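In what follows, a single structure is set out as structure tokens and then discussed.
The values are calculated or read from the model by the stated rules, or taken from the named source; none is laboratory data. Since this is a predicted model, take the numbers as computed values, not measurements. Every residue, glycine among them, receives a Cβ derived from its backbone with ideal geometry; neighbour counts consider all protein chains shown. Side chains included, ligands, DNA and RNA excluded: accessible areas come from the protein's heavy atoms. Shrake-Rupley method; radii C 1.70, N 1.55, O 1.52, S 1.80 Å.
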Amino acid sequence: VAAVAFVGYFVIMNIFGFGGDGGQDAFTASLASVNNPSGDSGSGSGVVAKMQKAKKNVVVFYGSQTGTAEDLASKLAKELHSRFGLSTMTADLEDYEYEDFDTFPEDTLVLFMMASYGEGEPTDNAANLWTFIMEDAPEFSNGGDMKPLESMHFAVFGLGNSTYEHYNAIGRQLDARLEALGATRVGKYGEGDDGAGTMEEDYLSWKEEFMTTLREERGLQERDYVYEPTIELEDVYDLSVDSPDVYLGEPNKNHLAGISKAPFTAHNPLLCPIKDTHELFKDNKRNCVHVEFDTSDENIRYTTGDHLAFWCQNESIEVDRFLKAFGYENRRDDVFVVKKLDSTTNVRFPSPTTFDTVTRFFLGINGPVSRQLLTQLVGFAPSKEAEDAVRKYGASKDMFHESIASKNYNLARLLLELSNGKPWDRVPFSFLIENIPHLQPRYYSISSSSAEQPNTVSITAVVERNRGPDADFDCHGVATNNIFDIKEAMAGKTTGNFKLDGARGSYTKGDAIRAPIHIRHSNFKLPSKAGAPIIMVGPGTGVAPFRGFIRERAHLAKSGKEIGKAVLFFGCRHSKGDFLYEEEWPNYTSEETVGKIDGPFTESNFLELHTAFSRDSDKKYYVQDRMRENSKLVNELLLKGAYFYVCGDASRMAREVQTTLAEIISKERGIDFDEAERIVKKMKSRNLLQEDVW
Ligand code: FAD
């Protein structure tokens, strides 16, 4: 093994402890290895070649679905650079091939921020890595070695949700797999729990321990945090907000040119006309909106059970607050271009653009405040008091949670309060772009049937307006309030809360309001045999995909297909108020077929509906109660090969429903609970039990 050394800020280090003795030789060796890390010319397309070209010694990969893993990857890369002087880059797993993973030089560090999705699956952008690395003998470029990844030094942080059965399956399996393939772990495997609401704190404690390992075991020296931009904003004075080349919220070049071109993907949404929106709740207390997208003129396909991704924008009041908080109120329409100072930096929006556009369409300005971000703002405070306050809250986990996290602040609201309304105009806008997560599309379970309505995609979205127990103001969910505003506008009530005409009026061209969407394919699917019985448990908006399932079955029956029995357990607060699609269900139900298991069924009698209302009477009823009351029916259907589906709240409902299912099997079949649980597990592995939970 050649002498391996690492370049930090002030000293020359040998962080992985192989040979190398510091001093000029190590310095030279290190630089040489950074210049030509694998000792060969590299493949040119792989990550190793890219690192070599950009002189990087740390790569932070991310497998991200909702943007959190990507955000943490970016934070980690920046912090490793600013604290230790390491030359870092982040990398989207989907942008690389993995054959060269056995050629990482020993003085590079390979980090993975890996989210688990759904039933312990990799995120879409990590799917290819997964197929490759989990193969019995992945075909690396050098090939044939029992420990092909011997030269890789790695660490994995998993992002998961403990309310799901396969908690952090991806992070854990990748960590074990890399070790099994011969790679050396640096520090410990770490993981964060979204289910417990502790993701940021879990990350911060793992990250601190990891940094301590680098410092104490690998000898890296540290300096105080200094912001070192990886991008630069350059004012463009000869362009204005009216210039045709300036991006005003168009997601990409095609959209700016006015050409909407398939395929529509997570990188290229369709600007889709909306043909209907209506309110589903009747109690005037909360809102739930049914939205129908018209895809008839567009090349976009879905199948029943898929998800629709809605590309939301920020509410105008929050855009204004943000621009005011950072002193850009009067510069909102000024035009700038983004210049990369580092070739590996990913800028997620096009430029030239304006401050208003970036704030409205590309930054996640409305989410909870990050404690880590507060610590980075200390040096930019507009007054001594504001500086002391951000320092104090940034340093104390307890104080932060008590005074900030529990009060629903977003960043702009908090900073303005801490500075008594003084703008934080020393914060460079590039810092905000680099440190605030990107605004992500929100996913919705499609509530229409592709067989019945191939050119209509509908969703069912409950509008999020919540006030935490300690908060003084309501906290608005971004996408659902955007959707609500579209509904209001379609009913002739223009509120001005959102910029519904989008970039250059493109969202309201013609006679429809449009919104950017794409379809995400899902494995949550009806049985291929229409005759197979189905049992569906979907409280609240969890009923959305089941509306699609039921309409599909009815459509098949109408076209002469033999269909199986369907049982739906639906729950909500009140029988009058939030009973979703109340008027539709009677079209498919009939008293005569209640309790009947075998067909023939028709489109107007195949459904048996059991409702549970939690606030109609003193006794609260939940879907689990109704399942228990109908345990005989559930068991008999399962014995007839029924598929069992659960959709909705992941935090408690899904797990409780599964436990109830095992209780039913145990009681009805006279077997002990453990055995019944094994049967439920087996149903899962055979796809007879499917979940669509969030
Ligand atoms: P967000 O802005 O994302 O906020 C989320 C929550 O955090 C809200 O309750 C909000 O009040 C709170 N919040 C926001 N900012 C702060 C802050 N600063 N401090 C504290 N709290 C804050 N939803 C449906 O209604 N119907 C469906 O059919 C559906 N299907 C889904 C399917 C999948 C696969 C997934 C992953 C999710 C699904 N969801 C569904 C959930 C949906 O994607 C959104 O998460 C939900 O609509 C909220 O989005 P939002 O942008 O309005 O809220």
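Screening D618 against (1) assigned to a loop (DSSP other than H, G, I, E, B); (2) crowded, with 23+ Cβ neighbours inside 10 Å leaves a single unmet condition, (2).
For the range 456-476, the candidate set comprises residues that are of a type in the set (A, V, I, L, M) and within 10 Å of the ligand (Cβ to nearest atom); within that set, the residue that is modelled with the lowest pLDDT is A471. Within the range 527-553, residues that are closer than 21 Å to P600 by Cα reach partners that are acidic (D, E) and modelled with pLDDT of 95 or more with beta carbons closer than 7 Å, at six or more positions or on different chains, in the pairs A530/E562; G531/E562; R551/E452; E552/E452. Suppose the filter is in contact (Cβ under 8 Å) with a residue 60 or more places away in the chain, open to solvent by less than 20 Å² (accessible area, probe 1.4 Å) and out of contact with any Leu (no Cβ under 8 Å at 6 or more places or on another chain); does D124 pass it? In short, no. Looking at the range 551-565, is at least one residue in a helix (DSSP H, G or I), surrounded by 23 or more Cβ atoms within 10 Å (Cβ to Cβ) and within 12 Å of the ligand (Cβ to nearest atom)? Within the range 551-565, none of the residues are in a helix (DSSP H, G or I), surrounded by 23 or more Cβ atoms within 10 Å (Cβ to Cβ) and within 12 Å of the ligand (Cβ to nearest atom). Of the helices (runs of 4 or more DSSP H) lying entirely inside the range 356-407, those containing at least 2 residues that are away from the ligand (no atom under 16 Å from the Cβ) and buried (at least 19 other Cβ atoms within 10 Å of the Cβ) span 371-377, 384-395.
Considering only the range 153-161, I want to know if a residue exists there that is of a type in the set (V, I, T), over 27 Å from I433 (Cβ atoms) and not in a helix (DSSP H, G or I). Scanning the range 153-161 turns up at least one residue that is of a type in the set (V, I, T), over 27 Å from I433 (Cβ atoms) and not in a helix (DSSP H, G or I).
Taking V657 as the residue in question, decide whether it is outside any helix (DSSP H, G or I) and crowded, with 16+ Cβ neighbours inside 10 Å. Criteria not met by V657. Restricting L129, L111 to residues that are modelled with pLDDT of 95 or more, assigned by TED's automatic domain parsing to the domain that holds V156 and part of a helix (DSSP H, G or I) narrows the list to L129. Taken residue by residue, the range 587-599 has at least one member that is outside any helix (DSSP H, G or I) and either within 19 Å of H290 (Cβ to Cβ) or within 16 Å of the ligand (Cβ to nearest atom) (or both).
Per-residue answers, yes or no, for (1) open to solvent by 20 Å² or more (accessible area, probe 1.4 Å); (2) modelled with pLDDT of 95 or more; (3) in contact with a His (Cβ under 6 Å, 6 or more places away or on another chain):
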residue	(1), (2), (3)
A32	yes, no, no
V48	no, yes, no
M51	no, yes, no
V60	no, yes, no
A69	no, yes, no
L72	no, yes, no
T90	yes, yes, no
A115	no, yes, no
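Inspect the range 509-524 for any residue being among the basic types (K, R), in contact (Cβ under 8 Å) with a residue 24 or more places away in the chain and surrounded by fewer than 16 Cβ atoms within 10 Å (Cβ to Cβ) and give the result as yes or no. No; the residues of the range 509-524 include none that is among the basic types (K, R), in contact (Cβ under 8 Å) with a residue 24 or more places away in the chain and surrounded by fewer than 16 Cβ atoms within 10 Å (Cβ to Cβ).
Okay, residues lined up against (1) modelled with pLDDT under 95; (2) assigned by TED's automatic domain parsing to the domain that holds A196; (3) not hydrophobic (A, V, I, L, M, F, W, C):
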{"position": "E636", "(1), (2), (3)": "no, no, yes"}
{"position": "S651", "(1), (2), (3)": "yes, no, yes"}
{"position": "V657", "(1), (2), (3)": "no, no, no"}
{"position": "E668", "(1), (2), (3)": "no, no, yes"}
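L323 fulfils the conditions (1) in contact (Cβ under 8 Å) with a residue 40 or more places away in the chain; (2) at negative phi; (3) open to solvent by less than 20 Å² (accessible area, probe 1.4 Å) except for a single criterion, (1).
Note on the range 282-314: residues that are under 15 Å from P269 (Cα atoms) and in contact (Cβ under 8 Å) with a residue 40 or more places away in the chain total 13. Counting the residues of the range 141-158 that are of a type outside the set (D, E, K, R), in contact (Cβ under 8 Å) with a residue 40 or more places away in the chain and open to solvent by 10 Å² or more (accessible area, probe 1.4 Å) gives 4. When E691 is tested against the conditions (1) more than 30 Å from S559 (Cα to Cα); (2) within 16 Å of the ligand (Cβ to nearest atom), the lone failure is (1). Selection of first residues in the range 672-694 that are more than 18 Å from G641 (Cβ to Cβ) and of second residues that are open to solvent by less than 50 Å² (accessible area, probe 1.4 Å) and more than 16 Å from the ligand (Cβ to nearest atom), restricted to Cβ pairs under 7 Å at least 6 apart or on distinct chains, gives the following pairs, ordered by first then second residue: D672/S666; F673/A662; F673/S666; E677/A662.
Matching residues to (1) within 16 Å of the ligand (Cβ to nearest atom); (2) buried (at least 18 other Cβ atoms within 10 Å of the Cβ); (3) among the hydroxyl-bearing types (S, T, Y):
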site	(1), (2), (3)
L607	no, yes, no
H610	no, yes, no
R628	no, no, no
V646	yes, yes, no
A650	yes, yes, no
E675	no, no, no
K682	no, no, no
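The condition (being surrounded by fewer than 16 Cβ atoms within 10 Å (Cβ to Cβ) and within 25 Å of the chain's Cα centre (by Cα)) is satisfied by just one residue among N287, N252: N252.
Condition first: within 16 Å of the ligand (Cβ to nearest atom) and either at pLDDT below 95 or among the aromatic types (F, W, Y) (or both). Can you find one or more residues in the range 477-489 that meet it? Scanning the range 477-489 turns up at least one residue that is within 16 Å of the ligand (Cβ to nearest atom) and either at pLDDT below 95 or among the aromatic types (F, W, Y) (or both). Every condition in (1) out of contact with any Leu (no Cβ under 9 Å at 6 or more places or on another chain); (2) closer than 21 Å to S87 by Cα; (3) in contact (Cβ under 8 Å) with a residue 24 or more places away in the chain; (4) open to solvent by 30 Å² or more (accessible area, probe 1.4 Å) holds for E228 except the one numbered (1). Look at (1) surrounded by 22 or more Cβ atoms within 10 Å (Cβ to Cβ); (2) touching a residue at least 60 places away in the same chain (Cβ under 8 Å) and you find that F349 fails only one, number (1). Taking residues in the range 431-450 that are touching a residue at least 12 places away in the same chain (Cβ under 8 Å) and within 16 Å of the ligand (Cβ to nearest atom), and partners anywhere that are aliphatic (A, V, I, L, M) and open to solvent by 30 Å² or more (accessible area, probe 1.4 Å), the pairs with Cβ atoms closer than 9 Å and at least 6 places apart or on different chains are P441/A266.
Go through the range 494-508 and report how many residues are of a type outside the set (G, A, S) and surrounded by 16 or more Cβ atoms within 10 Å (Cβ to Cβ).
6
Is it the case that N330 is open to solvent by 30 Å² or more (accessible area, probe 1.4 Å) and within 28 Å of L204 (Cα to Cα)? Answer is no for this residue.
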